[in-house]
Amino acid sequence: MAVRRIIQMDYLARGEVGHNQIYSLAIAREAARRGLAAEIWCARNCTIKSKYARRMFGEIKPSGRLGHISQAFWKAAELRKLVTLPEMESTDVMLFHTVFITFFISLSLALIGIRPKPKIIVVMRRGLRDRHLLNLPAMLNDAVSWLMAAPFILFLNRLMGVRFATDSEMITEELSKSGLKGVFTLPIPHITATGHGAEIGGPVIGYVGGARIEKGFDRLPEIAEAVLKKNKTAEFLIQAHIEPKYYYSQGMEGAKKRLRRMEASNPRSIQLVDRSLSYPEYLELMGKCSIILLPYRAELYGKGTSGILAEAVAMGKWIVAPGSTWMSLQKKRYGKIVEFDAETAEGIADAVGKCAKLDKNINRAKVERQIREWVRLHSPENYLTVLLDNLDDKRGETRSEADDW
């Protein structure tokens with residue numbers, strides 16, 4: 001398929017801080033480098049400063065219970081107007097790479113009775129059975145999430161010609177088994193920082209990125225206590241900024257207060273960074289760490305990818321991550337990942353302790369090769385190559401370099 005323009009529909013774009021904006025800008029810059037028209041369509045109140053940004057739609061406001069159901073219907077009308085704009089051509093690609101579970105309702109309603117000119121690609125970065133609705137019991141969440149998404153996804157894929165991609169082999173497999181045709185796996189396109197990994201030392205254990213329930217921020221006081229009990233020379237560097245407008249950040253102030261008290265009584269071992277960081281500041285903070293701690297809840301994160309893990313690999317860090325997840329699956333690609341299966345402070349502390357033991361005998365030449373391959377795979381160049389290779393109307397075999405590992 002010949003492509004004239006790539007339009008990224010970025011519902012989360014607000015400013016240039018955070019992985020989502022880095023993701024969008026990386027794709028836009030690579031598309032422009034190849035001579036394609038590149039645009040990032042975002043909300044009218046978006047503050048992103050980029051020549052690629054066009055403010056085209058209303059803001060989606062996070063909601064704490066049933067996601068964005070109340071907004072699904074007016075979003076459908078808005079989407080219908082956008083996909084039928086006179087400027088649209090059959091050589092345009094509309095790429096939705098960050099979507100909410102109710103987005104599928106909106107897009108289904110928007111496309112009823114029309115055949116839009118642009119090719120529509122939806123990238124799913126959460127599994128259908130991951131815990132989308134955090135305040136519901138697991139079984140009820142699975143049932144509600146499935147009913148809210150699966151029928152609409154199948155309608156879009158089978159009847160409306162919408163292509164689906166993921167950035168996780170596990171989600172690709174799940175969608176294919178659910179009856180979707182032509183699902184393919186994309187890399188993570190914003191990996192640019194590389195390094196060789198600091199000496200493991202004390203070690204310096206880092207928790208970076210958003211402080212969220214699903215990312216285990218509330219577990220950190222117990223984890224830090226368990227680690228320091230085993231190794232008094234360990235240090236924790238924790239980004240403790242809680243974004244109050246996100247529902248998944250509620251209820252964590254208690255953990256933050258405990259960490260503050262621990263920092264006051266033991267400033268050599270605990271250091272908090274309590275503010276939002278620019279992307280260079282975030283990378284600088286990660287660079288100071290020898291171990292990146294990802295105490296994520298497997299039942300909430302499940303098959304989803306992690307930009308933090310992807311960047312930590314590129315920087316040569318040791319990584320502690322939950323077992324039975326996409327994160328632990330990356331051990332076959334990078335030898336410095338230690339998984340924990342027991343989601344307890346003791347279990348996670350034991351995994352942290354293993355890093356220093358394994359570091360003594362690690363094959364560093366092999367790790368260097370793995371880092372180079374990782375950066376090549378998860379690059380804007382490879383992302384666009386895989387995307388364009390899959391832009392056809394065939395519903396059988398699809399190519400995904402991520403599956404070649």
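All of the numbers you see were taken from the coordinates with simple rules; none came from a lab. Not measured: the values here are computed from a predicted model. Here Cβ is always computed from backbone atoms with ideal geometry, including for glycine, and neighbour counts include all displayed protein chains.
What to note about this one:
- In terms of its C-alpha gyration tensor, the range 319-386 has an oblate overall shape, because the principal axis ratio a/c (a ≥ b ≥ c, square roots of the eigenvalues) is not below 1.5 and a/b does not outweigh b/c.
- J(HN,Hα) series, the range 273-279, from Karplus relation 6.51 cos²θ - 1.76 cosθ + 1.60, nearest Hz, glycine and proline x: 10, 9, 6, 6, 10, 5, 4
- Taking other Cβ atoms within 10 Å as a rough exposure proxy, HIS241, HIS19, HIS378 sort from fewest to most as HIS241, HIS19, HIS378.
- Least to most buried among THR166, THR233, THR344 (fewest other Cβ within 10 Å first): THR233, THR344, THR166
- Set LYS117/LYS181; LYS49/LYS303; LYS331/LYS357 screened for pairs whose C-alpha atoms are more than 25 Å apart: LYS49/LYS303
- Whole-Hz ³J(HN,Hα) from phi, Karplus 6.51 cos²θ - 1.76 cosθ + 1.60, for the range 304-317, glycine and proline x: x, 7, 9, x, 5, 4, 4, 6, 5, 4, 4, 8, x, 7
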